[in-house]
Each structure stands twice: as C-alpha cells, then as structure tokens.
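Working notes, structure below.
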Amino acid sequence: MNMTQQGPPPSAPADGSRCPCCGGTGRVREPVLWKELISEWRLSQEEADAIDRREGVRCGACGASLRSMALARSLVSTFQGAGTLDDFMSGPGARLRILEVNEAGTLTPFLSRAPGHRLVRFPEVDLHALPFPDGTFDLVVHSDTLEHVERPVRALEECKRVLVAGGFCAFTIPVVIGRLTLSREGMPLSFHGNAAVTDPALAVRTEYGADAWGQVVAAGFAECRIVAYEGPSTMAFVARRGVDDQPPTRPPARGSVSEETVLQMKWFYRFRLPSGARTESVLPPEVFPIHETRERMLLDLLDPIFGDRWKKTDCLDIACHEGYFGSLFAQRGCRVLGIDARPENLTRAELMRDALRLENLEFRQADVSSLDPASLGRFDIVLMLGLLYHLEDPIGALHRTRAMCREVAVIETQLGPELGGSIEWGTAKAQKEVIASFVVVDETDEVRSRNREANTRPLSLVPDLQGLLRILKSVGFSRVQVLRPPEDGYEQFVRGRRAMVAAWA
C-alpha cells in the first residue's frame, strides 16, 4: 500500500501501547484506499475501514504501519517472546540468516543489522524458484507480496526449501476475513500500492480470505501460527518448517557426475578433483600461473578474515566462467552464487560442481552490464576476476558490485597504460589535469568467434591502476588495497600490468 510521511501530528494510541518495531508511542493516520480499488475488491464499508486502518495508521517515530507492526510482533514473539524488533535485532536477531523478499514494510533497517541479511525483490527474483541452496536461511520474511505471485503455494514451498529445519517464514497478506480466498484469474487486472501502478507483473493474483492459512499447510510447513495486532484484519502468519523435514530432491543430484566424465574433457582451469586428479586445461603451460597466482592472492587475503566463519559466509562470483574460484570457496563451506552471461559457461560450471559434490554452489545466468543488484541481494564477498577489462561500462559494473557487497569485493583486471598531462576544458586556456585514464580495446573479432573469455559487446574500456582505485572510492567503497603478488607469481602481476584490488564496504 502507498505510504507517505505526511499527515497529522502524532497522537498516542488509546491503550498506551508502544510500537513493536521501535518502541515509539505517537501515531499518525491518513486514508490510503481509493474508491476504484474498494469497488474492485467488492469491499463493504466495514471491510474498507479495516484495511484502511491497517495501512493508514503509522508509528510517528519509525513510520511503521499496523501491518508492519504485526509482522514485527510476530518475529519478536517467535524468537524472543517480548520487547521490540529494535531490541531483538540489536541482540540475538543479529545472528540470524535472513532472506527478505521486497522491503517488508519499514522493517528493513532493523532486519539489515544482521550480517546474514539478504534483500531480494519480486518480480525480479522468481519466488517460484529462489536462487539459493536448500537450508540457507533461518528466517524468510515478506510483506504483502504473496498475493502478487502466480502460484503462491509453490512460492511458499520455495520459502520452506531455503529454510533450515525448524526455520520460520513470517509474512503478511491482505486478508478480508469475512470471505474465502479467491483467485483473480479471468478478472480485470487489479493493483495495490497506488492508483498509478499498472505493471502487469505487479497485479494482484489472489484475494485472501479467512482460509489463507490453508496455503501454508499445502506448502508442507509443519505449523502455521497467526499473530493478530489490534484487530483481526491486521495479522501476520508465521510458518515453521519441521525439524525432521527433508528438502525436496532437486536435479541434478550432486555427485551424479563421475570424475571420469570430467577428466575426459578439456577445461579452461585445472580443477582439483576429490581423488587428487587434475583436469586438463586448454591453455598453454606458460599461462597456467595466472590462475595459480590469483588463487594464492585470494586465499592469502581472505583465509585470515573468513577462516573461522567460512560456513557462515556467502559469496557472489561475477562472471564465474567454469566456476573455478567459486568452487574453492564452496569447498571451504562458503555459500556461493556464480553468475555468467554465457549459458555454455554455466553448463560446464554445473557439470563440475556436480562432480565435486558441492551442495552450496549455485549458478545463474546474468549479465553484469544489465544486472539489477536488488534481484540478487548482498553478499559478504563479491568476486570480479578477469572481467572488468572486458566491459564497455566498467564504472556501472563497479557501482553494481558495491551495491551487492556487504564486506569486501575483490577485483582483478588487466591494466591500461597510465597517461599523464592535461586536456583542454572548454577553451584553449582552461586545462584539466589527467588524473587517470582508460584505453579502448576492440574485441569485435573475439565476439564474432564466440570466444568465451571475451566481452559480449565489441568495445571494452580498460582502466589504469589509478583509474580503478579512484572509481572504487567514487562508487562508495570505504577503503581499497592493492594486493602484492608473490615474487614467483604470474609475470603480468609482477610487472604491474595486471592487478588484484580488495575494496572494503
């Protein structure tokens, strides 16, 4: 529903209760429903008043609606018993691994205090097929999202799948308690939020009634609890996955690919297999050290930081190629999502993942040039290895990298030559100092030949080192560090024509 920060001065609730989100006592109220929506929903005056109150009454301090307050109350009562969400997320809640689908009302600032918090957005992320391994999260939260999903039971099944055994899915949906749940299939499109929303992807698919809990049971949850807050129309649902519940089988099964299969193939990387054997690489031997040097520099940086918490860490590997570096982290217990623009790379990556029997390594096709960071959320580690110098918009890619980085990003790239001097700036007398530079590289031939290691577009902009460092600071990283290569490392690193940089969020 549409929420604004305007309205009458805050007034205290009649019963003196405090906001379950922040503890505030002042409230404001303004109408949010419009007559066309009331007509489309066939609401009585009493039903319209109840929904209008659910959305229009807000905390004067944090802006939470009664809907958000109900969701906050459900979370606190489930995990802590009493207090506010503010208190809970400053204490035990900060240890939870939380998946938030869309901003859950005004709860995001509280939930995001947890290092294990991930925010993704529907419809960019398909709730019928969440891009996370089984058992990734302790808590899944969404607010007034399920009614927009084409197959809500399937979406709830996915929420259950990504929960650990005994984990919780807490959510709200708009419920008209005097009727039963109704599909809007075949009806004119109807929208929430505000009267200006017309995107079909955001249309309401289901009108929920008093039997809404039945979908939770149909999705296979062991329990469904309803938490009401100041009236039956303002409620939250808390679904618990059974302690003994086993995740559904998801093909392909890890380990279903034999070592013999992958050893018969030639790869870009020399993967280490469980038996100790290594795959054959298509690269000439003199180029092997580039991957070995990358690996040593990465692990020298990250093992001391994440060594005792790899299993609580998640990583995004941008342009993952065959998944070599993501598999290194996954073997340490890290949850890894690899993305790549080329489906042929992902096919090979999934094949190797299955041969390595890695349950915590997933892949998804995506191009960083057009990626919406909200569709993936944030990660403790973001890798961008060997990609930046194959992009026509490296600055935009680094903006998106920063948006998805919770702790540290590692960027490794070829470097362009450093060009000094000055350029004219509007007139012959006005001069600007050249502080860094890009060079333009034409990869047309590589694109035409479908080279899997090249750009997907003809032109690439390659930064010099100072350009890279300045961009990283400009897009919002707080600190950058050029990593020192080993003395016996790959010659381009040693000569300074290639660099690996750590950027701290």
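State all residues of segment 271-287 that are in a loop (DSSP other than H, G, I, E, B), of a type in the set (A, V, I, L, M) and more than 18 Å from A330 (Cβ to Cβ); if no residue qualifies, say none.
A277, V282, L283
Here are L75, L43: which of them is modelled with pLDDT of 85 or more and of a type outside the set (F, W, Y)? Break it down into steps so the answer makes sense when it comes.
Working: L43 fails: modelled with pLDDT of 85 or more.
Just a single option satisfies the conditions, and that option is L75.
State which residue is surrounded by the most Cβ atoms within 10 Å (Cβ to Cβ) when the search covers only segment 355-369 and only residues that are aliphatic (A, V, I, L, M) and farther than 16 Å from P123 by Cα.
Residues of segment 355-369 that are aliphatic (A, V, I, L, M), as a first pass: 355-356, 358, 361, 366, 368.
Now restrict to residues that are farther than 16 Å from P123 by Cα: 355-356, 358, 361, 368.
Values: A355: 23, L356: 21, L358: 20, L361: 28, V368: 23.
Within segment 355-369, the match that is surrounded by the most Cβ atoms within 10 Å (Cβ to Cβ) is L361.
So, F88, is that one free of Cβ contacts under 8 Å to residues at least 40 places away in the same chain and in contact with a His (Cβ under 8 Å, 6 or more places away or on another chain) or not? So that I can check it myself, show each step before the final result.
Details: free of Cβ contacts under 8 Å to residues at least 40 places away in the same chain: yes; in contact with a His (Cβ under 8 Å, 6 or more places away or on another chain): no.
Criteria not met by F88.
How many residues are part of a strand (DSSP E or B) and either of a type outside the set (D, E) or at pLDDT below 90 (or both) when one looks only at segment 92-148? Show your work before the answer.
Start the filter on segment 92-148 by keeping residues that are part of a strand (DSSP E or B), which leaves 97-101, 116-120, 137-143.
In the following step, the residues that additionally are either of a type outside the set (D, E) or at pLDDT below 90 (or both) were identified as 97-99, 101, 116-120, 137, 139-143.
So the answer is 15.
Would you tally the residues in segment 84-107 being more than 18 Å from H148 (Cβ to Cβ) and either of a type in the set (V, I, T) or in contact with a Cys (Cβ under 6 Å, 6 or more places away or on another chain) (or both)? First the steps, then the outcome.
Keep residues of segment 84-107 that are more than 18 Å from H148 (Cβ to Cβ), which gives 84-98, 106-107.
Within this subset, residues satisfying the condition of being either of a type in the set (V, I, T) or in contact with a Cys (Cβ under 6 Å, 6 or more places away or on another chain) (or both) are 84-86, 98, 106.
So the answer is 5.
Condition check: modelled with pLDDT under 90, charged (D, E, K, R), in a loop (DSSP other than H, G, I, E, B) and outside the structural domain of G56 (by TED's automatic domain parsing). Does D245 satisfy that?
Working: modelled with pLDDT under 90: yes; charged (D, E, K, R): yes; in a loop (DSSP other than H, G, I, E, B): yes; outside the structural domain of G56 (by TED's automatic domain parsing): yes.
It is true that D245 is modelled with pLDDT under 90, charged (D, E, K, R), in a loop (DSSP other than H, G, I, E, B) and outside the structural domain of G56 (by TED's automatic domain parsing).
Mind checking which pairs have a first residue in segment 486-500 that is part of a helix (DSSP H, G or I) and a second that is among the basic types (K, R), Cβ under 7 Å, 6 or more apart or different chains?
Cβ pairs passing all conditions: Q492/R498.
Say we look at segment 164-203 and pick out the residues that are within 25 Å of the chain's Cα centre (by Cα) and small (G, A, S); which of these is modelled with the lowest pLDDT?
G193
Only one of F329, F363 is within 26 Å of L391 (Cα to Cα), at pLDDT 95 or above and of a type outside the set (D, E). Can you tell me which? Steps first, please.
Details: F363 fails: at pLDDT 95 or above.
That would be F329, the only listed residue that is within 26 Å of L391 (Cα to Cα), at pLDDT 95 or above and of a type outside the set (D, E).
For the list (1) surrounded by 15 or more Cβ atoms within 10 Å (Cβ to Cβ); (2) over 15 Å from L156 (Cα atoms), I need the number of the one condition that G231 fails.
Evaluating G231 over (1) surrounded by 15 or more Cβ atoms within 10 Å (Cβ to Cβ); (2) over 15 Å from L156 (Cα atoms) leaves (1) as the failure.
In the set T261, T206, which member is modelled with pLDDT under 90 and surrounded by 19 or more Cβ atoms within 10 Å (Cβ to Cβ)? Before you say what the answer is, go through the steps one by one.
On the way: T261 fails: surrounded by 19 or more Cβ atoms within 10 Å (Cβ to Cβ).
After applying the criteria, what remains is T206.
Any idea which residue in segment 332-355 is modelled with the lowest pLDDT, counting only those that are under 25 Å from S281 (Cα atoms) and of a type in the set (D, E, K, R)?
Restricting to residues being under 25 Å from S281 (Cα atoms) and of a type in the set (D, E, K, R), the top hit is E344.
Which of (1) hydrophobic (A, V, I, L, M, F, W, C); (2) closer than 21 Å to L376 by Cβ; (3) in a helix (DSSP H, G or I) does L299 not meet, given it meets every other one?
Here L299 meets the rest and fails (2).
Which members of segment 202-238 meet the condition of being of a type in the set (A, V, I, L, M, F, W, C) and either within 22 Å of M69 (Cβ to Cβ) or part of a strand (DSSP E or B) (or both)? Give the steps one after another, and end with the answer.
Step one: filter segment 202-238 for residues of a type in the set (A, V, I, L, M, F, W, C), giving 202-204, 210, 212-213, 216-219, 221-222, 224, 226-228, 235-238.
Listed by number, the residues that qualify are A210, A212, W213, V216, C224, I226, V227, A228, M235, A236, F237, V238.
From the list D372, D380, which residue is surrounded by fewer than 20 Cβ atoms within 10 Å (Cβ to Cβ) and either touching a helix residue (DSSP H, G or I) at 6+ places or on another chain (Cβ under 8 Å) or not β-branched (V, I, T) (or both)? Give the derivation first.
Details: D380 fails: surrounded by fewer than 20 Cβ atoms within 10 Å (Cβ to Cβ).
Of the residues listed, the single one that is surrounded by fewer than 20 Cβ atoms within 10 Å (Cβ to Cβ) and either touching a helix residue (DSSP H, G or I) at 6+ places or on another chain (Cβ under 8 Å) or not β-branched (V, I, T) (or both) is D372.
List every residue pair whose Cβ atoms lie under 7 Å apart, where the two residues are 6 or more positions apart in sequence or sit on different chains, the first residue falls within segment 336-350 and is under 18 Å from M265 (Cα atoms), and the second residue, located anywhere, is of a type in the set (K, R).
These pairs meet every condition: E344/R452; N345/R452.
I want to confirm something. Restricting to segment 445-481 and keeping residues that are surrounded by 13 or more Cβ atoms within 10 Å (Cβ to Cβ) and hydroxyl-bearing (S, T, Y), which single residue is modelled with the highest pLDDT?
S460
Would you check which residues across segment 271-287 are farther than 15 Å from R498 by Cβ and touching a strand residue (DSSP E or B) at 6+ places or on another chain (Cβ under 9 Å) and list them?
Of everything in segment 271-287, those that are farther than 15 Å from R498 by Cβ and touching a strand residue (DSSP E or B) at 6+ places or on another chain (Cβ under 9 Å) turn out to be F271, R272, R278, T279, E280, S281, V282.
Among the residues of segment 476-485, how many are out of contact with any helix residue (DSSP H, G or I) (no Cβ under 7 Å at 6 or more places or on another chain) and assigned to a loop (DSSP other than H, G, I, E, B)?
2
Out of segment 362-384, which residues are of a type in the set (A, V, I, L, M) and touching a residue at least 40 places away in the same chain (Cβ under 8 Å)?
In the first step, residues of segment 362-384 are kept if they are of a type in the set (A, V, I, L, M); the result is 366, 368, 371, 374, 376, 381-384.
Across segment 362-384, the qualifying residues are V368, A374, L376, I381, V382, L383, M384.
The values are calculated or read from the model by the stated rules, or taken from the named source; none is laboratory data. Everything numeric here is computed off the predicted structure, so don't read it as measured data. Using ideal geometry, Cβ is built from the backbone for each residue, glycine included, and neighbour counts are taken over all protein chains shown.
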